[in-house]
Structure formats: C-alpha cells, structure tokens
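Engineer: One structure is given below, represented as structure tokens, and several questions about it will come after.
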Amino acid sequence: MALVTTTEMFRKAYDGGYAIGAFNVNNMEIVQGITEACREEHAPVILQVSKGARAYANHTYLIKLVEAAVIECPDIPIALHLDHGPDFATCKSCIDGGFTSVMIDASSKPFEENIAITREVVEYAHKYGVVVEAELGTLAGIEDDVNVSAEDSSYTRPEEVEEFVTRTGCDSLAIAIGTSHGAYKFKPGTIPQLRFDVLHECEKRLPGFPIVLHGASSVPQNFVQIINQYGGAMPGAIGIPEEQLREAARSAVCKINIDSDLRLAMTASIRQYMAEHPDHFDPRQYLKPARANIKELVRHKLVDVLGCNGKA
Ligand code: G3H
Ligand code: 13P
Ligand code: ZN
C-alpha cells in the first residue's frame, strides 16, 4: 500500500468510535518502533514530522525512512503528516515533497488571519490531493521554538468552529480543551481534567467532522521514575490521564498526537542501559532496547487508549 491521506482513516475512526495515533518521528529507531507495533496490531497510523524534525534529520532522510516503513508494512495504511506547519512555505515544501497531509498552525494569529493563512494552504494542498489540519485555540507548552505559558493558552471557542471550518475548507480541526505540549502538563497537586464540555460543544456544531487532540501524551510515571533513578531530573512531569484520552477517542476525536511519551520511553531505556552497562559504547546496543520500548509503548496506546488495533 502506498502512503495514504487521512480521509478514509478519519471516516472509519469517527464512525467506529476510536482514534488514530499520530506519532512524531525523528530517526530510524522511532519510525521502526512505531510501525512494527502498528503492523503487529493491524493499526492504521499517522507518522508526523515537525519543523524541528526536518531541521534535525532533513526532509529527504525522513521521507525515505517513512517510505521504507511503507515497504516493510504493506498491509497497514500509513499517512505522512507535517506537524505544526508554521507557514505557507513550509506546508508547500511538504506537499511538493510527498507528504499526504499537512497541518497549518496559525492558531496564535487573530481569527481572521488564521482563516486567511489556512485557506491559502487548503487551496494549494487540495490541488494535489493533500489534506489539511488547522487549529483554533491555543495550547500551553513548548512546540518547536514556540513556548506558550499556561496563562497565554486559551480554550477553543465552540461558537467559532463552524465558521472557521466552512470558510477555510480544512479537513480536520485541532482544538484546545486543556491538553498541552511537553512532559509538564499540570502542576503537581492539581487534578488533570480535560474540558469535555468544550469538546462536545465543538462536536455538536461540526457533525461528522474529525477533531484532533494535540499535547496528548500521558507521561507514564514508570518512565519518569526510571529517568530520575538513572541520573535524570524530571520532577513533577505529569501528563493526561489515559482514561480521559480513551473517552476522547470514543468521541469525534479521530487523531491523537503523541510525541513526549516516545521521548520518555527512549530516554528511560537509554539511561537505564547506560547505567547498567558502563563499558558499552556500541549505539546498536542501547538503541535496540530503546526501540523495543517505543514499540511496546505504541502497542499499549493502540490497544488500551486509541482502540485502533485491528482497524487496518
Ligand atoms: O508539538 C510538538 C511536537 O512534540 C514536536 O516537537 O518541535 O520538538 O519536534 P519538536
Ligand atoms: P505531547 O507533547 O503531549 O506528546 O504532544 C505532541 C503533539 O501534540 C505533537 O504535535
Ligand atoms: Zn502538537
């Protein structure tokens, strides 16, 4: 199967009450860990690449790694998506360069400007059969080089979503309901709670339309504990409770973005390996368990959180 867009994936996910995992990829081991789990669990998957990933690994390497995964996993649908496209030029470069889906993130701009930028990307992308995710509302946390404080974040206003989707022609919409980017999503001592009322209001106003959740890592405490035990310092790292993500996956949320959890899985494994094998210096030795840890994490997400196993 060649790379696909997310259209069919989202239609089935919406009707079936599950969500597709969108996992960020930055190198070969991450691509392999994710796609091996998806292949074994017969799950469709979105591999997404940020501006930072393109700066780190280079567009061509990432495209070729994803193409290799498509060859190795011929039975599952794989979409290649630009995560947080900052402007038209970056989206165009990914559309021209073989991506099947792009996100234009103009959510920090005023409403009318967000619409105008998104509309421009949609017009170009649709000419080439590429789908577009847009965003309304602002998440807290760090994405690429933009750091949004909790005070500057804002929930999506449900009364704006219909007009935004109609005027932009976007294919899916990321909304802000209390998720945030990175490993420190809630202050220790507070009770993490997503705003399902905002989600359901958006859902009501956009029947049948796919909603996206960014910043949806759960920050597994076993990884945080291993990192801290083996020389790391990540006090107070807290994520979204998985029951709340499961609930979101049953709703109009068709795409759930996970990146920080992959990083934690990889880092925990490498830290532990290094501490236990101080004389080893072959990267294959410590990257092998790191890749296996990513694979098991992704399997858990597919089966126990997203519910998309067996849906390929
Ligand atoms: O939302 C941001 C993603 O986690 C990508 O992070 O910009 O560090 O690659 P990055
Ligand atoms: P996390 O930082 O919660 O993994 O979010 C990732 C994300 O939203 C990528 O766009
Ligand atoms: Zn994001």
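Engineer: Can you find a residue in segment 198-210 that is at pLDDT 95 or above and within 16 Å of ligand 1 (Cβ to nearest atom)?
Structural biologist: No, segment 198-210 contains no residue that is at pLDDT 95 or above and within 16 Å of ligand 1 (Cβ to nearest atom).
Engineer: Cβ-Cβ below 8 Å, separation at least six or inter-chain, first residue in segment 93-119 and more than 28 Å from residue 4 (Cβ to Cβ), second at pLDDT 95 or above and of a type in the set (D, E, K, R): which pairs?
Structural biologist: Listed by first residue and then by second, the contacts come to 111/160.
Engineer: Looking at segment 1-27, which of its residues are of a type outside the set (Gly, Ala, Ser) and assigned to a helix (DSSP H, G or I)?
Structural biologist: Listed by number, the residues that qualify are 7, 8, 9, 10, 11, 12, 14, 15.
Engineer: If the requirement is being within 16 Å of ligand 1 (Cβ to nearest atom), in contact with a Leu (Cβ under 9 Å, 6 or more places away or on another chain), outside any helix (DSSP H, G or I) and modelled with pLDDT of 95 or more, which of these qualifies: 30, 46?
Structural biologist: 46
Engineer: If you go through segment 137-150 one residue at a time, do you hit one that is under 22 Å from residue 254 (Cβ atoms) and away from ligand 2 (no atom under 16 Å from the Cβ)?
Structural biologist: no
Engineer: Here's another thing I want to ask about it. Yes or no: residue 240 surrounded by 18 or more Cβ atoms within 10 Å (Cβ to Cβ) and within 16 Å of residue 254 (Cα to Cα)?
Structural biologist: Criteria not met by residue 240.
Engineer: Further, regarding this structure: For segment 58-81, state whether one or more residues are farther than 20 Å from residue 294 by Cα, in a helix (DSSP H, G or I) and touching a Ser or Thr at 6+ places or on another chain (Cβ under 9 Å).
Structural biologist: Yes, segment 58-81 has at least one match.
Engineer: Kindly indicate whether residue 260 is touching a helix residue (DSSP H, G or I) at 6+ places or on another chain (Cβ under 9 Å) and within 15 Å of ligand 3 (Cβ to nearest atom).
Structural biologist: Criteria not met by residue 260.
Engineer: Please go through segment 265-295 and pick out each residue that is among the aliphatic types (A, V, I, L, M), within 13 Å of residue 33 (Cβ to Cβ) and within 16 Å of ligand 2 (Cβ to nearest atom).
Structural biologist: Result: 265, 266, 294.
Engineer: Looking only at segment 186-209, decide whether some residue is of a type outside the set (A, V, I, L, M, F, W, C) and within 16 Å of ligand 3 (Cβ to nearest atom).
Structural biologist: Within segment 186-209, none of the residues are of a type outside the set (A, V, I, L, M, F, W, C) and within 16 Å of ligand 3 (Cβ to nearest atom).
Engineer: I would also like to ask the following. Residues of segment 94-104 being in contact with a Gly (Cβ under 9 Å, 6 or more places away or on another chain) and either assigned to a strand (DSSP E or B) or away from ligand 2 (no atom under 15 Å from the Cβ) (or both), which ones?
Structural biologist: Residues satisfying the conditions are 100, 102, 103, 104.
Engineer: In segment 149-162, is there at least one residue being within 13 Å of ligand 1 (Cβ to nearest atom) and either loosely packed, with under 14 Cβ neighbours inside 10 Å or part of a strand (DSSP E or B) (or both)?
Structural biologist: no
Engineer: For residue 245, indicate whether it is under 22 Å from residue 141 (Cα atoms), in contact (Cβ under 8 Å) with a residue 60 or more places away in the chain and surrounded by 24 or more Cβ atoms within 10 Å (Cβ to Cβ).
Structural biologist: In short, yes.
Engineer: Oh, and also: Return yes when residue 308 is crowded, with 24+ Cβ neighbours inside 10 Å and away from ligand 2 (no atom under 15 Å from the Cβ) and no when it is not.
Structural biologist: yes
Engineer: Does residue 162 fit the bill of being in contact with a strand residue (DSSP E or B) (Cβ under 9 Å, 6 or more places away or on another chain) and either within 16 Å of ligand 3 (Cβ to nearest atom) or without any contact (Cβ under 8 Å) to a residue 60 or more places away in the chain (or both)?
Structural biologist: So residue 162 fails the test.
Engineer: In a loop (DSSP other than H, G, I, E, B) and farther than 30 Å from residue 126 by Cβ: is that true of residue 207 in this structure?
Structural biologist: Criteria not met by residue 207.
Engineer: Turning to a different aspect of this structure: Return the residue satisfying two criteria in turn: it lies in segment 170-204 and is β-branched (Val, Ile, Thr) and not in a loop (DSSP other than H, G, I, E, B), and of such residues it is nearest to the chain's Cα centre (by Cα).
Structural biologist: Here the residue is 175.
The values are calculated or read from the model by the stated rules, or taken from the named source; none is laboratory data. Since this is a predicted model, take the numbers as computed values, not measurements. Positions of Cβ are backbone-derived with ideal geometry, glycine not excepted, and every protein chain shown enters the neighbour counts.
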